[in-house]
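**Q** For reference, the structure I am asking about is given below.
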Amino acid sequence: MNKTIPQRYIVIEGPIGVGKTHLAKRLAESFSGQTLLEEPEQNPFLEKFYTHPKQSALPTQLSFLMQRIKLNKSLQQDDLFMDLHISDFLIEKDRLFAQIILDDDELALYNMVYDNLTTQHSRTPDLVIYLQAPLAVLKNRVTQRGIGYEQRIEDGYLQRLTEAYADFFHYYDASPLLIVNAEQINLVDNEQDYDNLLAQIARSQSGRHYYNPLPVSEK
């Protein structure tokens, strides 16, 4: 396995259930990095959102926005060039959720808050890893991790979110991007899958890259 990776600030992104937080933690453990992780359990509106989405959408989204901005501000510029930081969110993706769950008036208010709070320049990642997986795989992984309120996620919502991510990263060019088909790989428990991804990360220092591992039966 690679002993080092060239990047100092890596963001893992993808829809609910794709495995971004597990990968962020493993990378940080492998290379003695620091994590910046979302804490959905700290959002007091999230469980209400999955039960009554229309009534709780705006406070849920604003709560996540505040949390993500606070975490981003914790990145100190000097530390970034010395220490490895791994995050499981990209601040720009916050709008993906807002556009899906908010009505027009709520979205207009959200955009005012977002624009006002994100005007300060934040550090651009050295690499964004975008994990993709089909709806059925995401649903299965959400079920397996057994978080109660997540079991109420509707297929339509998860599908819209998956499509929004695909559209967002189709145009994303703010930093090097590694797009990973995570359908057939286990980046938590399978050492070979993990080591293969590390090799891809080491090669992804500029531009856009695609990693589409063979199905298990073909390896």
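All of the numbers you see were taken from the coordinates with simple rules; none came from a lab. These numbers come from a predicted model, not from an experiment. Note: ideal-geometry Cβ built from the backbone for every residue, glycine included; neighbour counts use all protein chains shown.
**Q** Compute the long axis of helix 135-145 from its Cα atoms, compare it with the longest principal axis of the Cα atoms of the chain, and write down the angle in degrees, 0 to 90, nearest 10.
**A** Approximately 90 degrees, to the nearest 10.
**Q** Size of the dipole of segment 85-219 about the Cα centre, Lys and Arg at +1 and Asp and Glu at -1 on the beta carbon, nothing else charged, in debye to 20?
**A** My answer is approximately 340 debye.
**Q** Which of the trypsin sites (Lys or Arg not before Pro) found in segment 1-50 are loop residues per DSSP with 12 or fewer other Cβ atoms within 10 Å of their Cβ?
**A** Loop-located and lightly packed - Lys3.
**Q** A further question follows. Pairs Lys20/Lys139; Lys70/Lys93; Lys73/Lys93; Lys25/Lys93: which exceed 18 Å Cα-Cα?
**A** Working: Lys20/Lys139 15 Å; Lys70/Lys93 15 Å; Lys73/Lys93 16 Å; Lys25/Lys93 20 Å.
Pairs exceeding 18 Å: Lys25/Lys93.
**Q** Sequence-distant or interchain residues sharing an amide H contact under 5 Å with Ile179, placed H: which?
**A** Amide H neighbours of Ile179, under 5 Å, 5+ apart: Tyr130, His209, Tyr210, Tyr211.
**Q** Could you calculate the contour length gain from Tyr210 to Ala136, that is, 0.36 nm times the residue separation minus the distance between their Cα atoms, to one decimal place in nm?
**A** Separation in residues times 0.36 nm, less the Cα-Cα distance, equals 24.5 nm.
**Q** Still on this structure, I have one more. May I ask for the equivalent-ellipsoid semi-axes of segment 42-130, computed as the square root of five times each C-alpha gyration tensor eigenvalue and listed largest first in whole Å?
**A** 27, 14, 11
**Q** In whole Hz and in residue order, list the ³J(HN,Hα) couplings for segment 173-178 that follow from phi through the Karplus curve 6.51 cos²θ - 1.76 cosθ + 1.60, θ = phi - 60°; x for Gly and Pro.
**A** Those phi angles translate into 8, 6, 7, x, 10, 10 Hz.
**Q** Another one. Counting only residues 5 or more places away or on other chains, whose amide H sits under 5 Å from the amide H of Leu127 once H atoms are built in the peptide plane?
**A** Tyr9, Val11
**Q** What chymotrypsin sites (Phe, Trp or Tyr not before Pro) does segment 25-127 have in DSSP loop regions with at most 14 other beta carbons within 10 Å?
**A** Listed in order of number, the matching sites are Phe81.
**Q** Could you tell me the convex hull volume per residue, in Å³, taken over the Cα atoms of the chain?
**A** So the per-residue Cα hull volume is 122 Å³.
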